[in-house]
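Okay, structure first, notes after.
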Amino acid sequence: MIKEIIKDEAFLAQVAEPATPEDVSVGDDLIDTLKAHQHECVGLAANMIGVNKSIIAFNNEGYFWVMFNPEIIKTNKEYKVMEGCMSLDGKREATRYKTIKVRFQMKDFSSHTMVFKGYTAQIIQHEIDHTKGILI
Ligand SMILES: [Zn+2]
């Protein structure tokens, strides 16, 4: 289901609760909402659609991914970049890493660890920040 994008900064500043298998439908809603906004948006976190759980969705070079309880466990090569966000006006500077190693769960709650680089890594870092209540 396509959901409305939340812009309430006080709501978005909360740290997300861990996701559980009961939250799988939130991942579907994130994908539906992301697809509806794909001309202007490459990633969403669950709090942006009003659910304060640790779930993110992003466009990985044309493939839509959902991660439950994502966690960055390793970073490499820091850089600065200007970013925008569906929940904020304008662009802001962010510190990101070119390569990240992420531990996460898939829809079936199996655990995975994967390395991401470049733009996809940047999107994931932005969305994981949302799960910590951090806005750029
Ligand atoms: Zn954002």
Those residues of segment 64-102 which are of a type in the set (A, V, I, L, M, F, W, C) and touching a residue at least 40 places away in the same chain (Cβ under 8 Å) amount to Val66, Met67, Phe68, Ile72, Ile73, Val81, Cys85, Met86, Leu88, Ala94
Filter segment 34-74 for residues that are assigned to a strand (DSSP E or B), among the β-branched types (Val, Ile, Thr) and over 17 Å from Asp23 (Cα atoms) and give the result.
-> Ile72, Ile73
Taking segment 111-136 and the residues there that are surrounded by fewer than 20 Cβ atoms within 10 Å (Cβ to Cβ) and under 25 Å from Glu22 (Cβ atoms), the one that is nearest to the ligand (Cβ to nearest atom) would be Asp129
Among Asp129, Asp89, the single one that is within 20 Å of Thr33 (Cβ to Cβ), part of a helix (DSSP H, G or I) and out of contact with any Gly (no Cβ under 6 Å at 6 or more places or on another chain) is Asp129
Candidate set from segment 1-22 (those that are in contact with a helix residue (DSSP H, G or I) (Cβ under 8 Å, 6 or more places away or on another chain) and in a helix (DSSP H, G or I)); member that is surrounded by the most Cβ atoms within 10 Å (Cβ to Cβ) | Leu12
Which of the residues belonging to segment 51-63 are open to solvent by less than 30 Å² (accessible area, probe 1.4 Å) and either free of Cβ contacts under 8 Å to residues at least 24 places away in the same chain or among the aliphatic types (A, V, I, L, M) (or both)?
-> Ile55, Ile56, Ala57
Any pair with Cβ under 9 angstrom, 6 or more apart, that starts in segment 104-122 at a residue that is over 22 Å from Glu83 (Cβ atoms) and ends at one that is among the small types (Gly, Ala, Ser) and in a strand (DSSP E or B) = Gln105/Ser111
In segment 84-110, which residue that is more than 19 Å from Asn60 (Cα to Cα) and hydroxyl-bearing (Ser, Thr, Tyr) is nearest to the ligand (Cβ to nearest atom)?
-> Ser87
Identify the residue in segment 23-49 that is at pLDDT 95 or above and of a type in the set (D, E, K, R) and, among all such residues, is most open to solvent (accessible area, probe 1.4 Å).
-> Lys35
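The values are calculated or read from the model by the stated rules, or taken from the named source; none is laboratory data. Note that the structure is predicted; figures quoted are calculated from it, not measured. Here the Cβ is made from the backbone with ideal geometry for all residues, glycine too, and neighbour counts use every protein chain on show. Accessible surface areas use protein heavy atoms only, side chains included; no ligands, DNA or RNA. Shrake-Rupley method; radii C 1.70, N 1.55, O 1.52, S 1.80 Å.
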